[in-house]
Amino acid sequence: VALKRMLNFNVPPVKNSTGEPVWKILIYDRFGQDIISPLLSVKELRDMGITLHLLLHSDRDAIPDVPAVYFVMPTEENIDRMCQDLRNQLYESYYLNFISAISRSKLEDIANAAIGANAVTQVAKVFDQYLNFITLEDDMFVLCNQNKELVSYRAINRPDITDTEMETIMDTIVDSLFCFFVTLGAIPIIRCARGTAAEMVAVKLDKKLRENLRDARNSLFTGDTLGAGQFSFQRPLLVLVDRNIDLATPLHHTWTYQALVHDVLDFHLNRVNLEESTGTESSPAGARPKKKNKKSYDLTAFDKFWQKHKGSPFPEVAESVQQELESYRAQEDEVKRLKSIMGIEGEDEGAISMLSDNTAKLTSAVSSLPELLEKKRLIDLHTNVATAVLEHIKSRKLDVYFEYEEKIMSKSTLDKSLLDMISDPDAGTPEDKMRLFLIYYISSAQAPSEIDLEQYKKALTDAGCSLAPLSYIKQWKAFAKMASAPTSYGNTTPKPLGLFSRVMNTGSQFVMEGVKNLVLKQQNLPVTRILDNLMEMKSNPETDDYRYFDPKMLRGSDSSVPRNKNPFQEAIVFVVGGGNYIEYQNLIDYIKSKQGKHVLYGCSELFNASQFIKQV
């Protein structure tokens, strides 16, 4: 909503305006691009009158009779470039929108340039948009994508970090969270654990919200904000969690569709990139072998299949794709049959009466064609994506890993020793083995003895693993032990339902032989458990000591005692140090069982296991 308002020159778009939109161009930097691309497609931009969208630092030609909307971060180089645009008189008028608040001195730089270029009248509006976060789903956001190594897990947890560096990181995170709440139009009640990076974020965010509320003239949280209608009168709860409370989940192999796509494919800002292996049969003899095609697909809110199945276990997804395909083929055959009847020659009675019958049918078939084509596009897309995922599952035995890790995390008996899993040359990549071992190491109540550890290390090294992550996890575990007992993950193991029987019939495109049909049972991960305690106001030793901040109270108090005793309806969970789709899915599943409650999941960056293991 905020973006559309900005693109409409900062006035709310009118629903039923008949005229053409005002044609304009959009100029953004990489940050702006990342914020817009998951939300608005090129077609939607065109509907709003945007004919061209260009990067700020590309070579742009002058288009003297067009208004330009800028959407950029207020950085030195961006501002220099904007001043240059003013001097070169590129456009008719300038609407300057900053993703995050601009400082006074930088505003003066722009003003000076405008005076120098004699373009003061052309700068129509200057706005701070407070949109410095990326929305990936209706209930999920991530802070930034461009300089994400600045706020990464490693950056926050480096042993040699200086106080000033830490301050900068925290300010970056707080700035984005502040933008998030301005856009929501709500002041949260903040809870966090003591002695973590999350606590630093909480203190700073509380201060920033408080200062803004005190400054009555410029407060961003007054009556007419965008989000007023979005939340009930009750305020949302913000739970700030530190990644360090649970390092096993980000390493865990997974079994739901969205998390699998993120784990094994190149999935980034809602777009998945696949390399298509092209068949050999299409090229004539003697022709050069074809290059692999790179294809990218957007998995968005408009994709009904994706919305419905992104949280389903993979076997179900494969089956659903198959069913969609069959229903599509039936519709297609119907259209073909009608075509052949329409071609009937001769005047015999039967044909004519059939004809009038079929005219109606044909009309409806023709009108449903666009829908049919869209259905076909989605089926093809998911067939390709699911096949790519399946190849990984089979070649790396991911179903075995998933099941084994679930058993470790729920402390049930193991049917095969860990050492065998690690030294089995057919199962998984070195990275898969390292992930398995780290989960075992993190979840075990007492660390394995030195002798056992040496054996594991040797097996891991033989399998080609780098042992670097282990030394970090070792330190982390020693440190965490002082804090508390290891986190429990519930005691549920997935139940295999026998191999894929229905999907195994010959017509299916997915050859699922040998892949286990595992079904998930709902179990709450640590992050979800913490949320549950705080949202429902349950007393639990794990969360009783969490700090409580309320930016609306006049004096800040350092207490753990919540003022408000009622359960919350809305909550935002934010993970400092990075999050993943496994936790997101777990929260969504948890909240489905609670009537009328909502939860949003946010994180400083989104990583899959292989990106995480490199940071460790």
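The values are calculated or read from the model by the stated rules, or taken from the named source; none is laboratory data. Please read all numbers here as calculations on a predicted model, not as lab measurements. All Cβ positions, even for glycine, are placed from backbone atoms using ideal geometry, and neighbour counts span all protein chains on display. Just the protein is used for accessible areas: all its heavy atoms, side chains included, with ligands, DNA and RNA removed. Shrake-Rupley method; radii C 1.70, N 1.55, O 1.52, S 1.80 Å.
Of the cross-linked pairs 148/565; 304/538; 294/397, which ones have a Cα-Cα span greater than 27 Å in the structure shown?
On the way: 148/565 37 Å; 304/538 37 Å; 294/397 25 Å.
Distance filter (> 27 Å) returns 148/565; 304/538.
Using a basic spin-label model with each label point 7 Å from the Cα along Cα→Cβ, how many nm lie between residue 42 and residue 363?
In this crude spin-label approximation the distance works out to 3.7 nm.
Please report the Cα spread of the stretch 1-128 along all three principal axes, rounded to whole Å, starting with the longest.
Cα extents, longest axis first: 41, 28, 26 Å.
Between residue 80 and residue 30, what length in nm is gained on full extension when 0.36 nm per residue of separation is reduced by their alpha carbon distance? Let's see the in-between values first.
Values: separation 50, 0.36 × 50 = 18.00 nm, distance 1.60 nm.
Computed gain between residue 80 and residue 30 is 16.4 nm.
With every protein chain present, what is the per residue accessible area of the stretch 398-483 (1.4 Å probe, Å²)? Intermediate values should be presented prior to the final figure.
On the way: 4070 Å² over 86 residues.
Here the residues of the stretch 398-483 average 47 Å² of exposed surface.
Just to confirm my numbers, what's the Cα centroid distance between the stretch 596-616 and the stretch 1-79 in Å?
The stretch 596-616 and the stretch 1-79 have Cα centres spaced 29 Å from each other.
Can you pull the percent of the stretch 398-483's accessible area that's carbon plus sulfur, 1.4 Å probe, other chains left in place? Could the numbers behind the result be given before it?
Values: 2410 of 4070 Å².
Result for the stretch 398-483: 59 percent of the exposed heavy-atom area is carbon or sulfur.
Do the alpha carbons of any pairs in 336/376; 24/375; 4/597 sit beyond 23 Å of each other, and which pairs? Write down the numbers at each step before the final one.
Working: 336/376 16 Å; 24/375 33 Å; 4/597 27 Å.
Table pairs above 23 Å Cα-Cα are 24/375; 4/597.
Multiplying the sequence separation of residue 66 and residue 539 by 0.36 nm and subtracting their Cα-Cα distance, what value in nm do you get? Each step should come with its number before you reach the end.
Details: separation 473, 0.36 × 473 = 170.28 nm, distance 6.02 nm.
That pair, residue 66 and residue 539, stretches by 164.3 nm at full extension.
With a 1.4 Å probe and every protein chain left in place, tell me how much accessible area residue 372 has, in Å² to the nearest 10.
10 Å²
Which entries in the list 407/474; 411/433; 394/474; 411/457; 416/457; 125/207 go over 27 Å, if you measure between the two C-alpha atoms of each?
On the way: 407/474 22 Å; 411/433 19 Å; 394/474 32 Å; 411/457 22 Å; 416/457 18 Å; 125/207 29 Å.
Where the Cα-Cα span goes over 27 Å, the pairs concerned are 394/474; 125/207.
So, R0 is 22 Å and r is the distance between the beta-carbons of residue 105 and residue 171; what FRET efficiency does that work out to, to 0.05?
Working: r = 18 Å, r/R0 = 0.80.
After rounding, the FRET efficiency stands at 0.80.
Multiply the residue gap between residue 326 and residue 23 by 0.36 nm, knock off their C-alpha separation, and tell me the result in nm, one decimal place. List each step's numbers first, then the result.
Numbers: separation 303, 0.36 × 303 = 109.08 nm, distance 4.38 nm.
Contour length minus the Cα-Cα distance gives 104.7 nm.
Sorted by average packing, counted as other Cβ atoms within 10 angstrom per residue and highest first, what order do 472-479, 394-401 take? Each step should come with its number before you reach the end.
Values: 472-479: 13.9, 394-401: 19.5.
Packing order, densest peptide first, comes out as 394-401, 472-479.
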